[in-house]
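So the structure is just underneath, and the comments pick up after that.
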Amino acid sequence: MKYFIVTYGCQMNVHESEKIAGILEQLGYKECKKREEADIIVFNTCAIREGAEERVLGNVGNLKRLKKQNKDLIIVVCGCMTQKEETAKNLMKKFPFIDIVIGTFNLPKLASYIEKVKEGRQLEILQEGELDEILPYKRSDKDNAWVNIMQGCNNFCTYCIVPYVRGREKSRKEENILNEIKEIIKEGKYKKITLLGQNVNSYGKDLEKPVSFAKLLSDICALDGDFKLSFMTSHPKDLTSEVIDVIAKEDKIEKYIHLPAQSGNNRILALMNRRYTRERYLEIIDEIRKKIPNCRITSDFIVGFPSETEQEFEDTMSLIEKVQFDSIFAFMYSKREGTVASKMEEQISDKEKHLRVNKLLKLEKQIQKETGKR
Ligand code: SAH
Ligand code: SF4
Ligand code: F3S
């Protein structure tokens, strides 16, 4: 029995696919290289932008042919896209050959759904679930071990679907994280350990005995072993001086911070509910550069947020010029049903968004050429 997993979206999803692989291996499945050879195909989906969802739809649609050739093939669709109940129901209707559709919170029950698959098609979307600690992972990267430190997000940036499909922030107990990392060190296979969370800097605030992210970092560095530690993603509103100090001090921590700015204009930042200003963002960059001179800094930007004017977009350009990031990701705003921004008037046309994103990427290329950065 063989499995094939198709993963979309962020590193959290990549890591979640390692969980799925672990569950399937416990059921006796082995990984295969081609979907044509598989007895079970799992689509672990992403909902962050419309484009991500369209890719999933196209690729799931193509499986009809395989299901015709192999009636026993099991097709599972899970992840952020299917955590949206309406989308999940539509998928079931549109593609009658899908066997199991489950949301992000149902993942721990995947094995029992597969065992029941002979009884008929299944759809289940839990609204919120517990953090599981017992699942096995089949780590997919040979150098890097991903470690989830929290799930969900409380920030509700007005453009973003993540809080709706991943629920509220829940931190894992520090003890469990340290134990997982000790195991990874003991295995001796991984040079790098990367901590994952949508907003790692707010780690531990929700725990019964609160622990700061800075303390978690120091405690991990105190473990014996030869490894490099990194983490993603940091939200500028929560990145404290304490965390910057720990990164500066600890040799084990990689000198790299991904710090999404999203926009360089204060009106747009407020509309996005990011809760920092352009000035505050630049202050943090200054502090990082002073305390960690060789730190690589990267960022994400969204262009064409509802009502963004040409002048406000220019503020994003000037921020990028000022900071001279090591690299950036630039996205055209994508309207996500159910978010606050999707109801805002003055949506920007696709044509204008394309123009802005191209302008921004051109500037980025020019900066990289001038500074010799990657
Ligand atoms: N938790 C992380 C990022 C998660 S999503 C953070 O807050 O930084 C990764 C990136 O996708 C975001 O930084 C943002 O730039 C982009 N993004 C999120 N929602 C989007 C949307 N509706 N349209 C376009 N880009 C979006
Ligand atoms: Fe989305 Fe904002 Fe949370 Fe990041 S911090 S996941 S952009 S709501
Ligand atoms: Fe990640 Fe996409 Fe979900 S970016 S959290 S997989 S919506």
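The values are calculated or read from the model by the stated rules, or taken from the named source; none is laboratory data. All figures in this text were calculated on a predicted structure; none of them were measured in a lab. Please note: Cβ atoms are built from the backbone with ideal geometry, for glycine as well, and neighbour counts cover all protein chains shown. Protein only, heavy atoms only, side chains kept; ligands, DNA and RNA dropped before computing areas. Shrake-Rupley method; radii C 1.70, N 1.55, O 1.52, S 1.80 Å.
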All positions within region 53-93 that are hydrophobic (A, V, I, L, M, F, W, C), within 16 Å of ligand 3 (Cβ to nearest atom) and open to solvent by 10 Å² or more (accessible area, probe 1.4 Å): Leu57, Cys80
When residues of region 96-109 are limited to those that are free of Cβ contacts under 8 Å to residues at least 40 places away in the same chain and open to solvent by less than 20 Å² (accessible area, probe 1.4 Å), the one farthest from the chain's Cα centre (by Cα): Ile98
Against the condition among the hydrophobic types (A, V, I, L, M, F, W, C) and in contact (Cβ under 8 Å) with a residue 40 or more places away in the chain, how does Cys78 come out, does it pass? yes
Note on Ile48: of the conditions (1) within 16 Å of ligand 2 (Cβ to nearest atom); (2) part of a loop (DSSP other than H, G, I, E, B); (3) modelled with pLDDT under 95, unmet is (3)
Report, by residue number, each residue of region 42-52 that is closer than 25 Å to Tyr333 by Cα and surrounded by 15 or more Cβ atoms within 10 Å (Cβ to Cβ). Phe43, Asn44, Thr45, Cys46, Ala47, Ile48, Arg49, Ala52
Among the residues of region 127-155, count how many are more than 15 Å from the chain's Cα centre (by Cα) and either open to solvent by 20 Å² or more (accessible area, probe 1.4 Å) or under 30 Å from Ser342 (Cα atoms) (or both). 17
Set Lys205, Lys189: member being surrounded by fewer than 17 Cβ atoms within 10 Å (Cβ to Cβ) and more than 21 Å from the chain's Cα centre (by Cα): Lys189
So which of Lys170, Lys182 is within 16 Å of ligand 3 (Cβ to nearest atom) and open to solvent by 30 Å² or more (accessible area, probe 1.4 Å)? Lys170
Residue that is nearest to ligand 2 (Cβ to nearest atom), among those in region 68-88 that are out of contact with any strand residue (DSSP E or B) (no Cβ under 7 Å at 6 or more places or on another chain) and in a helix (DSSP H, G or I): Thr87
Taking Glu283, is it among the acidic types (Asp, Glu), over 30 Å from Asp226 (Cβ atoms) and at pLDDT 95 or above? yes
Exactly one condition in (1) of a type in the set (Ser, Thr, Tyr); (2) more than 17 Å from Lys215 (Cβ to Cβ); (3) in contact with a strand residue (DSSP E or B) (Cβ under 8 Å, 6 or more places away or on another chain) is not met by Thr158; state its number. (3)
Could you list all residues from region 15-41 that are more than 19 Å from Leu66 (Cα to Cα) and either within 16 Å of ligand 2 (Cβ to nearest atom) or buried (at least 19 other Cβ atoms within 10 Å of the Cβ) (or both)? His15, Glu16, Ser17, Glu18, Lys19, Ile20, Ala21, Ile23, Leu24
Tell me yes or no: at least one residue of region 262-270 is touching a His at 6+ places or on another chain (Cβ under 9 Å) and buried (at least 17 other Cβ atoms within 10 Å of the Cβ). no
Candidate set: region 325-351, residues that are open to solvent by less than 50 Å² (accessible area, probe 1.4 Å) and either away from ligand 1 (no atom under 13 Å from the Cβ) or aliphatic (A, V, I, L, M) (or both); chosen: the one farthest from Asn294 (Cα to Cα): Met344
Of all residues in region 280-309 being in contact with a helix residue (DSSP H, G or I) (Cβ under 8 Å, 6 or more places away or on another chain) and acidic (Asp, Glu), which is least open to solvent (accessible area, probe 1.4 Å)? Glu308
